[in-house]
1. Here are some values of Cα extents along the principal axes in Å: (i) 70, 60, 34; (ii) 59, 53, 34; (iii) 88, 52, 47. Which one was computed from this structure?
2. Return a whole-number percent for the relative contact order of the stretch 247-376, with Cα pairs under 8 Å and 6 or more residues apart as the contact set.
3. For the peptides 314-320, 256-262, what is the packing order when you average, over each peptide's residues, the other Cβ atoms within 10 Å and list the highest mean first?
4. Gain in length, VAL388 to ARG85, computed as 0.36 nm per residue apart minus the alpha-carbon separation, to one decimal in nm?
Amino acid sequence: MTAQFLAQGADGIAQAAFADILVLEPTSQGTPGRILALFAITLIPYSIIAPFLGVFVDRWDRRKLLAWTNAIRAVLLLTIFLWSRALPGDGALFVAVLVLQGLGRLFLATKGAVLPVVLHEHHLIKGNALSGAGGTLSAVTGGGIGLAIVGFLGANGTLTIAGLLYVIPIFAALRIGTNMSHPHARSRNFVDAVRDLTWSLFEGVREIARRPRARLPLLAIFVLRSFGIFIAVLIILLIKREFIDQDDHFGKIGLSGLALGFAGLGALVAAISASRVGARIGTGGLMVLGYLSVASSLLLFGRPDQLWELFALAGLSGAGGFYCKVGVDAQVQAALPDEYRGRAFSLYDILYNLASVVGGSFVVILADSTIGTMLTGGGIAALFLAAVVAYEARRIDIFSPAPV
């Protein structure tokens, strides 16, 4: 968890620099189409190769994976100024975001697979709450610090600092006393390796598909993540169009940082209470609570006229996303044997990434509507889906109180 928290803090700083260049920069319009293009260019290619990452997590030395994913990210950012001119326009930035995204997800998929190795099943909700809360807080804090650094040193200096910070988690990961790898036989040549990986992936997907207690949580987090991105993009547009003058660059940075902070604060509140709440309503109840929180945020604050309403929207939706995530993490981990968990969390990451594209796409499709109408309509849809998830969770009996 030390390695995780440090790495996600560095993630936040790096993402703040990229967001400043690609979204918040005054010369860029930051339209829904541009944001969707950023999601599509950086997330879809990763999603194509991501299915194979879980197979590696299930086969490789997981301790080394935790270290090397950070080492490569450090080298990438510390050398970006040496190779970035080889690509036209913002090409180097998109490549860097893509690689950082892929390695970050590989790191988190590895983390998700190893928690059940060191924690009893009865403690997974508490462990995931701690891991998720610390990771979210680290990322949000890193994002806030990154935005502040951008204001003083610019995006280039911020990327250098993020690259240096990625070095520290390497040493934390290498201090783990076990490699935490699962004992699989390995193929000896390339053809056998490709065939083995493809078959292993198919087995993982088939195992998830035949288990409703794993299938429903993954579908639930995909849909709610789409809502989260939908809300985040609309908050950015509100800040740029209605709360800040177009030329006020520092105002955009400051308000974006505050909105990010309130989303993180909501997630932190959810993290503090998730373990006790989960003990009463189970993993299914946490997922439904997540949907209800997001629906409430949209219906109560979907037409913000004042900044506090904008921040309340971010905070309550952040809490909902985290409640659902804790329930999904614990349910997927408990529903699958150890040899399939890496593949399950890679599929989890694919759905998480594609949800970003879906959420951004809805903003583009509904661009002719007012932002308030989109938010309120989203709240009605989230409330309906909460009922659907509640029905399915009761049907497969995952509302039972979960031990803490």
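Since every read-out is calculated from the coordinates, none of them should be taken as a lab result. Computed from a prediction, not measured in an experiment: that's the story for all the values here. Here the Cβ positions follow ideal geometry from the backbone for every residue, glycine too, while neighbour counts run over all protein chains shown.
1. (ii)
2. Working: 126 pairs, mean separation 41.2, N = 130.
Across the stretch 247-376, relative contact order equals 32 percent.
3. Top of the packing list down: 314-320, 256-262.
4. Full extension from VAL388 to ARG85 adds 104.1 nm.
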